[in-house]
1. Based on DSSP H runs of at least 4 residues, each adding -39500 (n - 2.57), what is the mean residue ellipticity at 222 nm of the chain after dividing by all its residues, to the nearest 500 deg cm²/dmol?
2. Just want the ordering: 165, 40, 77, from fewest to most Cβ atoms lying within 10 Å of their own Cβ.
3. Could you check how many percent of all C-alpha pairs in the stretch 30-119 are farther apart than 22 Å?
4. Give me the one-decimal nm value for the distance between modelled label points at residue 80 and residue 252, 7 Å along each residue's Cα-to-Cβ direction.
5. Which of these, 295, 233, 46, has the largest mean-square fluctuation under a Gaussian network model of the chain (Cα springs below 10 Å)?
6. How many times 2.2 N^0.38 Å is the alpha carbon radius of gyration of the stretch 66-214?
7. Of the beta bridges DSSP finds with both residues in the chain, what % are antiparallel, to the nearest 5?
8. When the Kirkwood hydrodynamic radius is evaluated over all pairs of different C-alpha atoms of the stretch 1-160, what value in angstrom, to one decimal, is obtained?
């Protein structure tokens, strides 16, 4: 199993990428790792930080695609960037999966146009894995498709359900539709149409959910259009960061609270771990022919290693083939009606 990694994707690249690759090699020696980027810079970074990258294949790429670059640059001005080259290598079967912590829009566009969509998939979706008190859930779509049709939301639900079952091992994942209320009749025309289509599928669709119920672990897959999903994701991450900061501020206020913090060190660590998105590696671009993962832009070595493991798991389970069959079946049924 070979995972190709964009060595220059993200705010902390290439150092965090190299460290994360080394962590992955130590924890999962069965995963082969290949780095894409300027070979001279990669080796210089490793040497300066005394990192052993021997054994990692390096594919040279002349340029880097920056966070502030227009997403379309991955296909035009920076088609020779480490991100674009990595996507091409995966598309050409020179690797089994691709990971980058770079520009979200560029990786989604590049995955769509270079790796290509699964046959029958209307739109690939950006799908971050996020924490709740009851375990992780997938938010799909997290921002790739601002405007969608009901049948696209149905496809998102099917793809998310397969992923959570095959990669995270959740039997019959619960799927919900993000809405303004839990009642069946809530929402606009899009939500009404999507609700009806989801009820007809063989996935475990349990109805609508309000945003306030998502953190309690109401479902394993939350389906939304990209506009709504992106707002949920950003609010979720911001609220988690703020809550952790508030707790830290309370416990370090004075000597009494510092002693209390010392007594609750283990519990506080567990709380911090609960909110730590680095454990899940980031987001998968669902609906393309090969596993493509977007690690968080600020990803550290833990997040990079987690993304490598998630990408390898996705590639090894045959989930993409299962998604392709389910999408083909549902599309066939739709044309027969």
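Readers should treat all values here as calculations from the given coordinates under stated rules, not as data from a laboratory. Keep in mind the model is a prediction, meaning the values are calculated, not measured. Note that we place each Cβ from the backbone using ideal geometry, even for glycine, and neighbour counts take in every protein chain shown.
1. That comes out to -14000 deg cm²/dmol.
2. Values: 165 20, 40 9, 77 13.
Final ranking by Cβ density, sparse to dense: 40, 77, 165.
3. 28
4. Result: 4.7 nm between the two label points.
5. Maximum fluctuation in the GNM of the chain, among the listed residues, is at 46.
6. 1.15
7. Approximately 25 percent, going by the DSSP bridge assignments.
8. 16.7
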